[in-house]
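Following: one structure in C-alpha cells, then a few remarks.
The values are calculated or read from the model by the stated rules, or taken from the named source; none is laboratory data. The structure displayed is predicted, hence computed values, not measured ones. A quick note on method: Cβ atoms are made from the backbone with ideal geometry, for glycine too, and the neighbour counts reach across all protein chains shown.
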Amino acid sequence: MSVFSKFGRVKRNHILSQRGKNFLQAPWAGGIVLVVCVIIAMLLANLPATSEMYHNLLHMELAISVNGTLFPEAMNLEKFINDGLMVIFFFTVGLEIRREISHGQLSTPKKAILPVVAAIGGMLVPAMIYASFNAGTAVSNGWGIPTATDIAFAIGIMSLLGNRVPISLKVFLTALAVADDLGAIFVIALFYGETPDLMLLGIAIVIMVGIYFMRRIGEFRIFAYLVPACVVWVLFYYSGVHATISGVAMAMLIPTQPRYSRSYYLHKADIIEKGIVDADKIEDTHEAEESRLYYLRRMKQISDGATGMSHRMEHLLMPYVNFIIMPIFALANAGVHITSAEYFNIFNYSAELGSIGMGIFFGLVVGKPLGISLFSYLAVKFGIADKPQGASWKMLVAVACLGGIGFTMSIFVDNLAFDKATHQDFIDMGKIAILMASFVAAIIGSIIIMLEAKREHRS
C-alpha cells in the first residue's frame, strides 16, 4: 500500500510540476501575474494594517555612504526598482527590437513600414487627445503617458483568443508593439530626462564606442560586456538621462552573430559524438561516466557558441523579466493610496488642472485604436504598405483596440512626467486612469475580435 501511495504522490508532483512549466511558458501567463500583483499592491497600499509599512518599505534608503557621500545618489527601494531593475526590462526590450530589426518583422522596409507607420499613428493621436484636454495646464507634461502599449498584455490577450485572430494580425501586433516600445524609449530619452551632464554622457558614449569595436574584433564573452554595462548605467544615472536608456543602448551593442560558424559547429559535434560513443566502450564504469559528462559539457559549450549572444541572453532573461522584475515593478508602482472615491472619478475637469484622467483614458481607449487604424489605412490606401494577409479592416481595428493597453510603459512614463515631491496626486490619478483604460481597452478589443470572428465564421 505504501508503494502505491508513494507512486501516487510522485505522479501528482510530476503533474503539478508539468502544469507549472506549461503555465510559465504560456504567452498570457505574464499578464495574469501582473494583474494579481496590481491587486496585491492596491490592497497593501490601502489596508490599515499594511499601508504604512508598504510606503515606508518603498522609501527605504539603499544607498551606501562613502566618506559622507551617498552612492548611488538618492537611492531608495522604489528608485532601485524603477532605475535599476527596470534596466534589465529595457535591456530585453532592446534585444527584442534588435532581433526584429536584424531578421524579424522590421528587417526590411517592406515588412517594417506598416507596423512602424501604425505605431507612429498610435503615438501621435493619443498625445494629441491628451493635449486637447490638458494644453496649457499644470498637467500638460503628461502627454507621453497614453502613447505606450504594453506588449506583454496585448500579446497575452491575443493568445487567449486563440485562432479567432489571423496569424498575420498577430505578427502585425507584435511588430507594432516592438516599434511602439522603440518610440516610447525615444520619448523617455528626449522629453522625460533632466538636463544632461554632457561630460558624463560623453564618457558613456566613448565607452559604448569601445564596446562596439570590441564586438567588431570578435569578443563573445558575456563578462566582457557586463562590466562596461554597469559603468555605463552609473554614468547615465548621474548624467540626467534616464538610467533605463542605458539598457536599450547596451542591447544594441550585444553581438547577434554566433561565435562559431555552422561548419565549425558540425565538425566539433561529430568529434564529440564519436567521443561519447567511445566512452560507452570503456570498461571502467566510473571512467566511462566521467568521459560522457565531459563530452556532454563540451557539446553544451559548442551549442552555446553556435547561437548568437543576443539570442541567448534574450531567452535567458525573459522568464526573470516576466515573472520577477515586472511583478516587482507592479507591486512597487500600482499601489495607489485611495483617500476618497474621487480618485475613481477620472472625468473631472478644471481650467487650471485640465483632466489627467480624461486625457489618459480617451488617449488609450480612443486615441490608440484610431491612430493605429487610420495610419494603417492611409499607408495601404497610398500603396506604401500591404494590408495583413487574410485580415479584414474590422479585425485590424479590433486588434488596434488592444494597443490601448498601456499598463507597464504608461505607468513608467507617468512616474517620470510629474515631480513626486510636489505632485504625487497627479501620479496617482494617472495610474488609476491607466489601469481603468487598460482594462476597458482589453475588454473592448476582445469583444470586437470575438464578434468579428463569429461573423466571419458564419459568412
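Of note:
- Any chance G122 is surrounded by 24 or more Cβ atoms within 10 Å (Cβ to Cβ) and of a type outside the set (V, I, T): yes
- The set of residues from the range 172-194 being out of contact with any helix residue (DSSP H, G or I) (no Cβ under 7 Å at 6 or more places or on another chain) and modelled with pLDDT of 85 or more comprises F186, L190.
- Filter result (among the small types (G, A, S), under 23 Å from R297 (Cα atoms) and not in a helix (DSSP H, G or I)) within the range 219-269: S261
- Qualifying residue in the range 413-422 (condition: touching a helix residue (DSSP H, G or I) at 6+ places or on another chain (Cβ under 6 Å), under 19 Å from V38 (Cβ atoms) and among the β-branched types (V, I, T)): yes
- Contact map, the range 377-390: residues that are farther than 16 Å from P115 by Cβ paired with residues that are part of a loop (DSSP other than H, G, I, E, B) and at pLDDT below 90, Cβ distance under 9 Å, separation 6+ or inter-chain. Pairs shown: G390/P166.
- Residue tally, condition within 27 Å of M214 (Cα to Cα) and either touching a strand residue (DSSP E or B) at 6+ places or on another chain (Cβ under 6 Å) or of a type in the set (D, E) (or both), over the range 256-306: 1
- Looking only at residues of the range 265-317 that are hydroxyl-bearing (S, T, Y) and more than 30 Å from F91 (Cα to Cα), we find that the one that is modelled with the lowest pLDDT is T285.
- T244 vs. criteria crowded, with 23+ Cβ neighbours inside 10 Å and either under 16 Å from G94 (Cβ atoms) or in contact with a strand residue (DSSP E or B) (Cβ under 9 Å, 6 or more places away or on another chain) (or both): yes
- Residues that are part of a helix (DSSP H, G or I), surrounded by 13 or more Cβ atoms within 10 Å (Cβ to Cβ) and on the phi > 0 side of the Ramachandran plot are absent from the range 385-402.
- Of the residues making up the range 145-165, those that are in contact with an Asp or Glu (Cβ under 9 Å, 6 or more places away or on another chain), within 15 Å of C401 (Cα to Cα) and among the hydrophobic types (A, V, I, L, M, F, W, C) number 2.
- Taking the listed residues A341, A351, A330, the one that is among the small types (G, A, S) and surrounded by 13 or more Cβ atoms within 10 Å (Cβ to Cβ) is A330, with no other qualifying.
- Residue among T149, T92 that is buried (at least 21 other Cβ atoms within 10 Å of the Cβ), not in a helix (DSSP H, G or I) and not hydrophobic (A, V, I, L, M, F, W, C): T149
- Any chance L253 is closer than 27 Å to L57 by Cα, crowded, with 16+ Cβ neighbours inside 10 Å and either without any contact (Cβ under 8 Å) to a residue 40 or more places away in the chain or among the hydrophobic types (A, V, I, L, M, F, W, C) (or both): no
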